[in-house]
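Working notes, beginning with the structure itself.
The values are calculated or read from the model by the stated rules, or taken from the named source; none is laboratory data. Model, not experiment: these values are computed from the prediction. Don't worry about glycine lacking a Cβ; one is built from the backbone with ideal geometry, like all the others, and counts go over all protein chains shown. The accessibility values were calculated without ligands, DNA or RNA, using every heavy atom of the protein model including side chains. Shrake-Rupley method; radii C 1.70, N 1.55, O 1.52, S 1.80 Å.
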Amino acid sequence: MPWVIRDAVKDINKAAARRWQELDPLLPQPNDLPEGCMAPLLSLGENGRPSGLGVCRHQHVAADTLAQTWGAATKFVLTMRLREADTEPAVDDLLTQWREHLADQPEARKDDTAAIVNWPARDVTGVLALLRHGLQPMSVIAVRPPGRPSPADNKGPADNKGPADRPSPAGTQPGLVIRPAGPADLDAVTELEMGVVRYDAHFGGSVPRPATEALVRAETQAALAKRPGWTWLAEHDGQPVALAVVEPPDAATWIAGMTRPGATAYLQTMFVRPGERSAGTGAALVKHVHKELDTRRINLTLLHYAQVNPLSAPFWHRMGYRPLWSTWEARPACALR
Ligand SMILES: CC(C)(COP(=O)(O)OP(=O)(O)OC[C@H]1O[C@@H](n2cnc3c(N)ncnc32)[C@H](O)[C@@H]1OP(=O)(O)O)[C@@H](O)C(=O)NCCC(=O)NCCS
């Protein structure tokens with residue numbers, strides 16, 4: 001990287017670190033920019049000083065990995081660092097340059113591609129530029145901040161339902177048994193995992209592939225053997241009705257850098273069978289999982305939900321999570337304007 005760019009990176013990263021901490025104390029320190037497919041895109045402010053940098057990476061997600069079920073097969077990811085409090089002009093400029101770069105990539109015209117930007121959820125200043133360039137808010141990385149009470153500690157949603165309509169407070173459920181899953185539960189866990197894949201497909205959050213079910217099964221088998229105690233089933237009358245799966249910190253390093261340092265876990269799966277929903281099962285399971293995570297000294301928990309999933313977004317907010325990053329995508333990548 002030429003020294004002019006290296007100095008600009010250092011300088012802008014310093015300014016971005018200040019901005020991020022002011023915006024949201026749960027954002028990480030901006031790390032060094034990743035190696036891109038070319039020299040970083042550069043945006044100059046009115047005074048001729050660099051006001052923004054963007055690095056484009058091309059990622060080919062292998063068909064024999066589960067990662068291909070959670071997005072496009074080819075991803076063009078732009079990482080931006082911005083200096084000014086009002087990010088819009090620099091974002092506009094960088095996205096214009098990025099669109100020109102993608103227009104030169106024949107691969108970006110293929111169907112199974114996406115142009116992707118991860119954006120700090122509380123940085124509202126650049127949102128209009130993202131929209132103007134044809135990006136859509138697809139998903140959210142939400143965080144449960146340290147010390148957040150679990151759902152049962154809340155009084156429950158304020159509404160007009162009396163005790164007859166709401167048989168038990170949110171987070172408790174008579175007759176519900178919650179237990180860790182083991183290798184013998186492979187079929188049940190795989191089936192419930194597939195429930196999330198199928199439900200999220202409605203919002204483009206997942207892209208079911210021919211290999212998905214076999215890969216889910218293999219990954220579930222490995223996780224149940226390798227990480228006992230991080231998958232839970234909720235049962236009614238001995239029948240599994242809900243599933244929660246957490247990646248412990250040593251398996252969640254791929255996403256832990258999206259928040260500040262700490263013992264960070266990733267809540268990978270949460271699913272309640274359709275006929276069992278809206279009765280407190282989900283809240284009871286999450287309450288149980290949070291208690292376990294608190295005991296294991298996890299202080300930050302991350303999860304993804306699809307922006308327009310009508311069930312999960314309100315549910316997670318009620319369970320103490322809030323947006324940390326939003327992920328914006330143009331699919332296919334050439335749809336970037
Ligand atoms: C999101 C999901 C896990 C929530 O599970 P759930 O068991 O329905 O959750 P809860 O019942 O605890 O809470 C949901 C609703 O029940 C209400 N509720 C909670 N406790 C209750 C009780 N004891 N009695 C009656 N109602 C209750 C809540 O207020 C809430 O009301 P709403 O239906 O008007 O939104 C479930 O809807 C699901 O599996 N969705 C499909 C897959 C999915 O989206 N997974 C998450 C991917 S990120």
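Restricting to DSSP H runs of at least four residues, report the calculated mean residue ellipticity at 222 nm for the chain, -39500 (n - 2.57) per run over all residues, nearest 500 deg cm²/dmol. Spell out each step's value before the answer.
Values: 8 runs with 100 residues, N = 337.
That comes out to -9500 deg cm²/dmol.
Assign unit charges at the C-beta atoms only (+1 for Lys and Arg, -1 for Asp and Glu), then state the dipole size of the chain relative to its Cα centre in Debye, rounded to the nearest 20.
Once rounded to the nearest 20, the dipole reads 640 debye.
Compute the semi-axes of the equivalent ellipsoid of the range 191-337, taking the square root of 5 times each eigenvalue of the Cα gyration tensor, and list them largest first in whole Å.
Working: eigenvalues 110, 81, 59 Å².
So the three semi-axes of the range 191-337 are 23, 20, 17 Å.
Full-extension gain between Arg227 and Glu46, please, as 0.36 nm times their residue separation minus the C-alpha to C-alpha distance. Mind dumping the intermediate values first?
Working: separation 181, 0.36 × 181 = 65.16 nm, distance 5.37 nm.
Working it through step by step, the gained length comes to 59.8 nm.
Quick one: dipole size for the range 198-325, taken about the Cα centre, charges +1 on Lys/Arg Cβ and -1 on Asp/Glu Cβ, in debye to the nearest 20.
Details: 14 positive and 10 negative charges, 54 e Å.
With only Lys, Arg, Asp and Glu charged at Cβ, the dipole is about 260 debye.
Within the chain, how many Lys pairs sit with Cα atoms under 25 Å apart, leaving out pairs fewer than 8 places apart on the same chain?
Values: Lys75/Lys110; Lys155/Lys287; Lys155/Lys291; Lys161/Lys287; Lys226/Lys287; Lys226/Lys291.
Qualifying lysine pairs in the chain: 6.
What angle, in degrees between 0 and 90 and rounded to the nearest 10, separates the Cα long axis of helix 212-226 from the longest principal axis of the Cα atoms of the chain?
Once rounded, the angle reads 70 degrees.
Using the Cα centre of the chain as origin and beta-carbon charges of +1 (Lys, Arg) and -1 (Asp, Glu), tell me which of Val286, Thr65, Ser139 is placed farthest towards the positive end of the dipole.
Val286
Under 14 Å from a label point 7 Å along Cα→Cβ of Arg179: give me every residue in the range 223-241 with its amide N that close.
229, 232-241
Find the accessible area per residue for the range 29-99; the probe is 1.4 Å, ligands and nucleic acids are left out, and the unit is Å².
On the way: 3260 Å² over 71 residues.
Using a 1.4 Å probe on heavy atoms only, each residue of the range 29-99 averages 46 Å².
Would you grab the residues whose amide H sits under 5 Å from the one on Trp325? Only those 5+ places off in sequence or on another chain, please, with H modelled 1.01 Å from N.
Excluding prolines and chain starts, which carry no amide H, the hits are Ala121, Ile141.
Taking just the alpha-carbon atoms of the range 216-266, what radius of gyration and Dmax come out, in angstrom?
Looking at the range 216-266, its Cα Rg and Dmax stand at 13.4, 42 Å.
GNM, the chain, Cα, under 10 Å: largest mean-square fluctuation among Leu130, Leu23, Leu95?
Leu23
Give a residue-ordered list of calculated ³J(HN,Hα) values for the range 99-114 (Karplus: 6.51 cos²θ - 1.76 cosθ + 1.60, θ = phi - 60°; whole Hz; x for Gly, Pro).
So the Karplus estimates, Gly and Pro as x, are 4, 5, 5, 5, 5, 8, 9, x, 5, 5, 8, 6, 4, 8, 9, 8 Hz.
Over the range 1-67, calculate the relative contact order: mean separation of alpha carbon pairs under 8 Å at least 6 apart, over the residue count, as a percent. Please list the in-between numbers first.
Values: 57 pairs, mean separation 17.6, N = 67.
After rounding, I find 26 percent.
Send over the semi-axes of the range 240-294's equivalent ellipsoid, whole angstrom and largest first, taken as the square roots of 5 times the C-alpha gyration tensor eigenvalues. Mind dumping the intermediate values first?
Details: eigenvalues 131, 25, 15 Å².
Those come to 26, 11, 9 Å.
On C-alpha positions alone, give me the angle between the axis of helix 3-23 and the longest principal axis of the chain, in degrees, nearest 10.
Its long axis makes an angle of about 40 degrees.
Return one number: the angle in degrees, 0 to 90 and rounded to the nearest 10, between the long axis of the Cα atoms of helix 186-201 and the longest principal axis of the Cα atoms of the chain.
Orientation of helix 186-201: about 50 degrees from the principal axis.
Using just the Cα positions, wrap the range 181-233 in a convex hull and report its mean projected area in square nanometres, one decimal place.
Details: hull surface 14.3 nm².
Seen from a random direction, the Cα hull of the range 181-233 projects 3.6 nm² on average.
Go ahead and set up a Gaussian network model of the chain, Cα springs under 10 Å, then flag whichever of Ala184, Ala284, Ala234 fluctuates most.
Ala184
Which number comes out as Rg/Rh for the chain once both Rg and the Kirkwood Rh are worked out on C-alpha atoms?
Numbers: Rg = 21.4 Å, Rh = 21.5 Å.
That ratio is 1.00, to two decimals.
Based only on the alpha carbon positions, what is the Kirkwood hydrodynamic radius of the range 1-102, in angstrom? List each step's numbers first, then the result.
Details: mean 1/r = 0.0677 Å⁻¹.
Taking the inverse mean of 1/r over all distinct Cα pairs, the range 1-102 comes out at 14.8 Å.
Please work out how much length the chain gains when fully extended from Ile5 to Gln29, using 0.36 nm per residue of separation minus the C-alpha to C-alpha distance, in nm with one decimal. Working shown, then result.
On the way: separation 24, 0.36 × 24 = 8.64 nm, distance 1.95 nm.
The Ile5-Gln29 span can extend by a further 6.7 nm.
Under a 5 Å amide H to amide H cut-off, with H placed in plane at 1.01 Å, what residues pair with Tyr266 once short-range neighbours are removed?
Glu247, Leu302
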